[in-house]
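Q: One structure coming up, written as structure tokens, with questions to follow.
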Amino acid sequence: MTMETFELNKEFVDEFIVQIDSKKEDELRPVLDRLYPADIAEIFDNLQLEQAVYVTSLLDSDKKVDVLAELEPEVRVKFFKGFSKEEIAVEFVQHMDSDDAVDLLSILDTDIASEILKLLPDKQDSLYLTRLLRYPEDTAGGLMGGELIKVNINLTVYECTEEIRRQAEEVDRVYTVYVVDDSDILLGWVSLKKIILAKASTKVSEIFDSNIIYSNVNASGEEVASRMKKYDLIAMPIVDSLNRLLGRVTIDDVVDFIKEEADKDYQMLSGISHSVEMKDRVWVLSKARLPWLIIGLFGGVISSIVIGQFEGQLQENVQLALFMPLIMAMAGNIGVQSSSIIVQGLANNTITSEAVWGKLGKELMVALLNGLVCSALLMGYGLISGHSNSIMTTVSIALLSVILLAAVIGTVVPLALDRFKIDPALATGPFITTSNDLLGLFLYFMIGKLLL
């Protein structure tokens, strides 16, 4: 078995567990050496706590923390129940990049995290991690790590090289060398190529590039991700309000952040109020889904009240009842389509909440075109099926009106939520579907009452 051909299956896991239970260290070590940390983390999902702790004892320090970084947050919490606070501090946190260490400490209870920080051998690391923990996890400060290479602008290339060699011991990946002044204010960057090609006596000030993309420590994670995507950056420096260099955000952190945000928005779109996993307990899964189901339930009750108010009209024109599901379905679908486009635009910064009228006008034109096509198709169906012209005309006009109304709601609601600093993803899924069902049904009956 090689790393390239590894595939987790039941036979492999069963054999692996047998070797663990038998404490066959000589057989387990070669297998673990050939596996990537992500593969080992995947195996951990199939192990008991004692088994996972034993496997961890067979890994070197670097691979141990790499495996830990691959575990899901809830799995990490369970995993750490097999270690003392001192072991967590010395065997894991001490060897982790600062951003990964902060991610780990942030999912633990505050008191436990504080005790672990006190147990770190290097008090400077403890102080730095404590500062990082103050930043919200969805900001640049929450995403950044302190592992980077910086040089003073007054150094020569020879001195710069020595400084890089010294700092590189603490940095796994060297993407860029940042240039600062005596006050640690970010001035620019210098490429490794320029350093290698320059003469030893050349000053850094002669070869550095002052054009550098950076972000403020309080900027949102979305802003950081958008800027790195726009400028195709592998790493981006983070500064404070005085432009002092604090850390950097790397592409792997941004990818993880984007995935988490996408998962959260997808679950919100599906009517799940907070992030959950299938492995969560039944009560946790139920609590995440129940609020939107209750909203849908009340929406259904109100729909029945609306229908009851027009009971006499339905008795006079029974055929109107046949098209109620059509009206409600189209209203919900159009609303979700419009809101999804707006939410996507807000997420990737292609539109802003100030652009209400422009987006509304465009969505209305799209809705008008789609509504005319759908209404014409519906009229054609009425002619073929033998429904009365008056009923089909009423239903077609109502359908066009409902599509226009749903497009307005689907456009305005997420823009309004974003304007008031509320996650616009709330405007998708059950929320927009339920509200459009109600308003579409009411509009349908009102048009029916006027025309029939």
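Q: Which pairs have Cβ atoms under 7 Å, sit 6 or more apart or on different chains, and link a residue in segment 212-228 that is in contact (Cβ under 8 Å) with a residue 12 or more places away in the chain to one that is in a helix (DSSP H, G or I) and of a type in the set (Asp, Glu)?
A: Ser215/Glu223
Q: Related question: Which number in (1) part of a helix (DSSP H, G or I); (2) at pLDDT below 90; (3) not acidic (Asp, Glu) marks the one condition that Leu108 misses?
A: All conditions pass for Leu108, except number (1).
Q: Given the conditions (1) more than 26 Å from the chain's Cα centre (by Cα); (2) surrounded by 17 or more Cβ atoms within 10 Å (Cβ to Cβ), report the number of the one that Val93 does not fulfil.
A: Condition not satisfied by Val93: (1).
Q: What pairs come out if I take residues in segment 11-27 that are in the same structural domain as Gln48 (by TED's automatic domain parsing) and free of Cβ contacts under 8 Å to residues at least 40 places away in the same chain and pair them with residues that are surrounded by 11 or more Cβ atoms within 10 Å (Cβ to Cβ) and not in a helix (DSSP H, G or I) whose C-beta lies under 6 Å away, six or more apart or interchain?
A: Val13/Asn46
Q: May I pose another question? How many of the residues making up segment 160-174 are surrounded by fewer than 17 Cβ atoms within 10 Å (Cβ to Cβ) and either in contact (Cβ under 8 Å) with a residue 12 or more places away in the chain or touching a strand residue (DSSP E or B) at 6+ places or on another chain (Cβ under 8 Å) (or both)?
A: Residues flagged as surrounded by fewer than 17 Cβ atoms within 10 Å (Cβ to Cβ) and either in contact (Cβ under 8 Å) with a residue 12 or more places away in the chain or touching a strand residue (DSSP E or B) at 6+ places or on another chain (Cβ under 8 Å) (or both) within segment 160-174 amount to 7.
Q: Which count do you get for residues in segment 376-392 that are outside any helix (DSSP H, G or I) and farther than 20 Å from Gln313 by Cα?
A: Total meeting the criteria: 1.
Q: Hey, could you check segment 117-135 for residues that are among the basic types (Lys, Arg) and either assigned to a helix (DSSP H, G or I) or at positive phi (or both) and say which is nearest to the chain's Cα centre (by Cα)?
A: If we take residues in segment 117-135 being among the basic types (Lys, Arg) and either assigned to a helix (DSSP H, G or I) or at positive phi (or both), then Arg131 is nearest to the chain's Cα centre (by Cα).
Q: Sticking with this structure for a sec: Pairs needed: first member in segment 398-414, of a type in the set (A, V, I, L, M); second member anywhere, outside any helix (DSSP H, G or I); C-beta distance under 9 Å; at least 6 residues apart or different chains.
A: These pairs meet every condition: Ala398/Phe323; Leu399/Phe323.
Q: Then there's this: How many residues does segment 149-183 contain that are assigned to a loop (DSSP other than H, G, I, E, B), under 28 Å from Glu223 (Cβ atoms) and either outside the structural domain of Glu206 (by TED's automatic domain parsing) or more than 32 Å from the chain's Cα centre (by Cα) (or both)?
A: 3
The values are calculated or read from the model by the stated rules, or taken from the named source; none is laboratory data. Computed from a prediction, not measured in an experiment: that's the story for all the values here. Note that each Cβ is placed from the backbone with ideal geometry, even for glycine, and that neighbours are counted across all protein chains shown.
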